[in-house]
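Enquirer: Got a structure for you, questions after.
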Amino acid sequence: MPVFFGHTRGAVKQLVGPWPNKPAGSLRVFIKGVQNLGPAIVTQCGVIQNGNFQFLHTINDQIFVYIFGDRISELHVSGVAFGAPCVDDFGAGGNGVKSILDIYDKEKISVTGKPRVVSLGGVEFQSFLTGSSVDVADAETLLGQFSFKFHSFPAKK
């Protein structure tokens, strides 16, 4: 019986094929300008949006609310970083942790000064890469985890 997928801890292989187009409502995450995460995959993405307001409590149990518009949004893109690719088809070489740190060093706000378009489910956010975290999640299986933190101005409607 042939073995199609060998088992190597912490290794990942990129498969390229004629995949069917995703439906319009898919939850695809895309960071324009970042072509390849190397041996890492995105598993989570979230957006936090808040209004800019103030509540003022006065005597006689009166409460006034002042509304100043929207505050800056936060986006988080996180996932799994693998110890090494099975075959280096990723173009980044090395391991997922190094690849993520290289992307952060190249794309962070203090280097580019420019926003990146982060697309989540077809909604685009003009976002600045303001932070990153990388951890070794499981040393035995050579798995790490990463997170990118973006700040985004409110979208124009």
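No lab work stands behind these numbers, since they all come straight from the coordinates. Keep in mind the model is a prediction, meaning the values are calculated, not measured. Methodologically, a virtual Cβ is constructed for each residue, glycine included, from the backbone with ideal geometry; neighbour enumeration extends over all protein chains shown.
Enquirer: Give, in nm to one decimal, the length gained when the segment between Ile41 and Thr130 is fully stretched (0.36 nm per residue of separation minus the Cα-Cα distance).
Expert: Details: separation 89, 0.36 × 89 = 32.04 nm, distance 1.98 nm.
So the chain would gain 30.1 nm between Ile41 and Thr130.
Enquirer: Under 8 Å for C-alpha pairs, at least 6 residues apart: give me the relative contact order for the stretch 25-152, rounded to a whole percent.
Expert: Values: 271 pairs, mean separation 38.2, N = 128.
Relative CO of the stretch 25-152 lands at 30 percent.
Enquirer: In addition: Using the Cα atoms as the points, what is the convex hull volume per residue of the stretch 100-157 in Å³?
Expert: On the way: hull volume 5.3 nm³, N = 58.
Expressed per residue, the convex hull around the Cα atoms of the stretch 100-157 is 91 Å³.
Enquirer: Moving to a separate point now. Which FRET efficiency value, to the nearest 0.05, is calculated for Ala139 and Asp61 with the Förster distance at 41 angstrom and r the Cβ-Cβ distance?
Expert: Numbers: r = 57 Å, r/R0 = 1.40.
Result of the calculation: an efficiency of 0.10.
Enquirer: Next question. Kindly put Asp102, Asp61 in sequence by how many other C-beta atoms sit within 10 Å of each C-beta, fewest to most. Kindly include the intermediate steps, with their values, before the conclusion.
Expert: Numbers: Asp102 14, Asp61 6.
Lowest count first: Asp61, Asp102.
Enquirer: Would you list Ser78, Ser127 from fewest to most Cβ contacts within 10 Å?
Expert: Arranged by neighbour count, lowest to highest, Ser78, Ser127 become Ser78, Ser127.
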